[in-house]
1. Need the full-extension length gain, ASP66 to ARG312, defined as separation in residues times 0.36 nm minus the C-alpha distance. One decimal, nm.
2. Near the amide H of GLU254, under 5 Å away, which other amide H atoms are found, from residues 5 or more places off or on another chain, if H is placed in the peptide plane?
3. Report the one residue of GLN238, SER290, THR252 whose Cα lies farthest in the direction of the positive end of the charge dipole of the chain (charges on C-beta: Lys and Arg +1, Asp and Glu -1; origin at the Cα centre).
4. LEU293 to HIS104: extension gain in nm, 0.36 nm per residue of separation minus the Cα-Cα distance?
5. Report the net charge of residues surrounding SER278, where surrounding means a beta-carbon distance below 11 angstrom and charges are Lys +1, Arg +1, Asp -1, Glu -1.
6. Listing ASP352, ASP280 from the residue with the fewest other Cβ atoms within 10 Å to the one with the most, what is the order?
7. Can you tell which of ILE78, ILE362, ILE126 shows the greatest fluctuation in a Gaussian network model of the chain with Cα springs below 10 Å?
8. Could you calculate the FRET efficiency of SER241 with ILE338 from 1/(1 + (r/R0)^6), where r is the beta carbon distance between them and R0 is 30 Å, rounded to 0.05?
Amino acid sequence: MIKILTYKEHHRGKSIIDRYLYLAAYILPFSPEDVLGDDVLEVDGNTFTSKNSLPKPWKTPRKRTDKYTKLLEKYNIIPSPESPQEPLEQDYLLAAKLIWSASHTLYTYIYQSENTESEPTVLPPIRRDHLRNLLTVKMDELDAELTNIGTISNKYSKLLLDEVFRYKTFSKNTHAVKLLEDMDVNVCPYCNRLYTMTLTGNDGKSRPQFDHYKSKSQYPYFAVSLMNLIPSCALCNQSKSDQDVAVLYPYTDEMALDAVFCTKIESGLNYLTGNKDSLDEFSVILDIVSDNLPEAQKEKIRLSDKVFNLTRLYNKHKDYILYLFWKNYVFNDEYLYILCKEFPEIFQSFKDAKSMMYLMDIDLEQWGRRSLGKLTHDIDMEINGKSD
């Protein structure tokens, strides 16, 4: 519903991408050189490059649990005098074998190898530009090669999620929490109802959830891709669950003024004055008002409404809507203009007075800063019989 900024647009963009690449280099079974390339990262006052990352303790081999050791043995990765592979190299080779088993198309996208007839026995070079693209591309800007990879079967999808693109390990890491803090998404972009601020400190943390725009079970190779991670509230994340549906993509799409929440008369008109006893006189509907909107975008709006139960949830806020009608009934435009005239040092414009009345700025670019910002704007338009 509400557009959020990509790291390229964000004023903290450098911090976001640096922390993300640092975490990706730590989590993923690829060498830091392949993940970082020539980038110079600044993370928490420290500088990291592919040249100084290997000696750092943050890049260590996977723990050799019984389960993981058996998986290495299953894929014939057993250290011997003839093949004295280092533990990290074993991790990288296992990842290549698992990717090859899951999808030859994904394998040839990531690795410089045209041989898909036999399982790799040595680690092939990585296509660094492809790996970076996979990790940072927007989900609506996939190139043909990424699109052609398609979905991964359930059997191999779990293996890729658990052993290669390790989302659980990624999301539990402290840097994932700090990444959310840098992204500064204050209100869920799917519903614009619940706050999603990130709090960190010695006494614990509170954070939004990451929704996967593209299903992590069907597209496990996007499980930790930055532009596939949407900071969202728990309710919206739960509602969408692991569905692969073309809802509005917050890094690109927004309802803006193309679709508005408005009231529909059911049994009376007393609610127009904010009468507290008139909750049953009206309902809330979502109306697509733009005539020039492409049908595909209209369908995204409809799907977002259905998947996230937006209209149903907004009907739970009818008491708030009554409050908006009451405020406008008591503090009408004439009264607000008087405030501007009498107190010019406080209210420099009519907009300032209206912001005071609603206790928020209802301009479109501010909807993501306050809960119910869009609903407040839309009802204000309805009350005043105008559109922006």
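1. Taking ASP66 through ARG312 to full extension adds about 83.7 nm, to one decimal.
2. none
3. Value computed over the given set: GLN238.
4. Numbers: separation 189, 0.36 × 189 = 68.04 nm, distance 3.90 nm.
Result: 64.1 nm gained on full extension.
5. Residues close to SER278 contribute a combined charge of -3.
6. Values: ASP352 17, ASP280 11.
Listed from fewest to most nearby Cβ atoms, that is ASP280, ASP352.
7. Checking each option, the largest mean-square fluctuation is seen for ILE78.
8. 0.05
Values quoted throughout were computed directly from the atomic coordinates according to the rules given, and no laboratory measurement underlies them. Only a predicted model underlies this, so the values are computations on that prediction, with no experimental measurement involved. Ideal geometry is used to build each Cβ from the backbone, glycine not excepted, and the neighbour counts take in all protein chains shown.
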